[in-house]
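Reading through the structure tokens given below for one structure.
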Amino acid sequence: MSKIAIIGAGLVGRGWSIVFARAGHEVALYDSQAAALDSAPRQISQTLTDLHRNGIVDEAAETIAARVQATGDLIDALSGAVYVQENVPETVAAKKAIFAKLDETAAPETILASSTSGIAASRFTEELAHRERCLVSHPINPPSLIPLVEIVPAPWTDAAVVERTRELLAGAGQIPIVLEREIAGFIVNRLQAALLNEAFALIEDGYVNSDDLDKAIKHGLGARWSFMGPMETIDLNAPGGIRDYMKRYGPLYHEIAQQARPRGYSDALIDRVEKERRTALRVDQREERMAWRDSMLMRRAAANRK
Ligand SMILES: NC(=O)c1ccc[n+]([C@@H]2O[C@H](COP(=O)([O-])OP(=O)(O)OC[C@H]3O[C@@H](n4cnc5c(N)ncnc54)[C@H](O)[C@@H]3O)[C@@H](O)[C@H]2O)c1
């Protein structure tokens with residue numbers, strides 16, 4: 001097993017620490033804020049205890065947690081690391097600053113990966129001396145329960161770096177997909193954006209309320225989406241497969257696409273959805289509902305594991 005350096009001990013950095021430590025790697029967890037470093041080990045242990053209780057990890061929580069060393073020393077964290085996963089705040093300036101430091105400090109063969117939710121690596125690695133070892137490995141939060149990772153190389157990323165990253169992530173139990181070329185928002189957030197844009201438009205134009213819209217996904221389309229994607233769905237939904245499906249329904253989808261027009265999210269629209277959500281779920285109930293969401297994710301991860 002190898003040494004992995006995690007940069008940034010926030011929500012996502014802690015999640016990655018768990019992913020690599022439960023796979024048996026030694027993890028160095030670095031943060032520039034002492035408070036984040038102080039609280040991270042306790043938060044990681046708590047999550048590991050929950051994962052163990054739900055049958056998602058076999059080893060004792062303490063055994064896995066002992067593989068994670070929190071440190072405020074960047075040189076220490078990077079020393080001997082084969083792979084670095086960066087998780088600092090989501091701005092181009094912050095990514096540029098930390099990647100400049102990482103590129104200067106880490107051994108040239110160390111892979112430098114960013115967790116960025118949507119910024120292409122070319123926007124913050126272009127001027128680096130060893131830019132060929134930089135790329136994006138975008139997780140879905142929390143990576144300890146949701147396995148997908150989007151690997152997004154910059155135009156100058158070495159193909160061998162992409163392959164080593166894919167192998168490392170797959171070996172740690174994640175499910176990597178590799179983009180053929182970079183695009184802002186990658187795949188997951190672009191799909192989410194397409195769905196949310198249409199959903200907001202349907203609400204704003206008075207076709208549906210937000211509660212029924214959620215039902216359309218959770219009791220409709222989403223029933224299949226947790227185990228198969230939209231391409232497989234349509235391939236199986238017409239007797240002759242995908243070509244047959246598109247012959248039957250392609251004109252409808254094309255007509256819908258032509259009706260779509262880019263628009264912002266007006267205050268009135270946000271007010272309406274906020275009001276509907278707070279009727280469905282009061283502010284003081286949100287925390288309990290978040291715990292319910294996390295336990296549903298745990299149950300799903302445990303079922304998938306079996
Ligand atoms: N939260 C999500 O759902 C999610 C999902 C996927 C990807 N991401 C991406 O992951 C990254 C981190 O997000 P997060 O939600 O964990 O944020 P967060 O605010 O929880 O954590 C950021 C951490 O970075 C630390 N930090 C700031 N500057 C630093 C520096 N120069 N060196 C070291 N540490 C530094 C902060 O002290 C903080 O602990 C972002 O790029 C975000 O877009 C987030």
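Structure data summary
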read-out	value
Nearest-ten-degree value, helix 11-22 long axis tilted from longest Cα axis of the chain	70
Proximal charge balance of Val161 [Cβ under 12 Å; K/R count +1, D/E count -1]	-1
For the range 188-305, convex hull of alpha carbons as volume per residue, Å³	140
Alpha-carbon centroid distance for the pair the range 174-234 / the range 236-306, whole angstrom	5
Tilt relative to the chain, helix 286-305 - C-alpha long axis, 0 to 90 degrees, to 10	80
Whichever lysines have a C-alpha closer than 27 Å to that of Lys215, once near sequence neighbours (fewer than 8 apart) are set aside	Lys275
Residue with peak Gaussian network fluctuation, the chain [Cα springs, cutoff 10 Å], from Gln69, Gln285, Gln85	Gln285
Label zone at Arg164 (point 7 Å along Cα-to-Cβ), backbone N below 12 Å, the range 87-108	107-108
Estimated FRET transfer efficiency (Glu90, Ile217; beta-carbon r; R0 25 Å; 0.05)	0.45
Neighbour net charge for Leu128 - beta-carbon separation under 14 angstrom, K R +1, D E -1	-1
Fraction of antiparallel bridges per DSSP, the chain only, in percent to nearest 5	15
In degrees, nearest ten, helix 34-53 long axis to first principal axis of the chain (Cα)	60
Local electrostatic count, Arg286, Cβ distance below 13 Å [Lys/Arg +1, Asp/Glu -1]	0
Candidates per chymotrypsin sites (Phe, Trp or Tyr not before Pro) in the range 219-306, loop by DSSP, up to 16 other Cβ within 10 Å	Phe227, Tyr265
Cα-based Kirkwood hydrodynamic radius, the range 104-204, one decimal, Å	14.4
DSSP-assigned coil residues among trypsin sites (Lys or Arg not before Pro) in the range 156-256, each with at most 10 further Cβ atoms within 10 Å	Arg181
Convex hull (Cα only) mean projected area of the range 1-107, reported in nm² to one decimal	6.3
Ala100 versus Met296: modelled label distance in nm, points set 7 Å from Cα along the beta carbon direction	4.4
Relative contact order of the chain, pairs being alpha-carbon contacts under 8 Å that are 6 or more residues apart, as %	14
Percent of alpha-carbon pairs separated by more than 38 Å within the chain	22
Sites Asp58 and Ser2, calculated FRET efficiency, Cβ-Cβ separation with R0 22 Å, nearest 0.05	0.60
Cα convex hull of the range 3-178, projected area averaged across orientations, nm²	8.6
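Read the figures in this text as sums done on the coordinates, not as results from a lab. Since we're looking at a predicted model, the values are computed, not measured. Don't worry about glycine lacking a Cβ; one is built from the backbone with ideal geometry, like all the others, and counts go over all protein chains shown.
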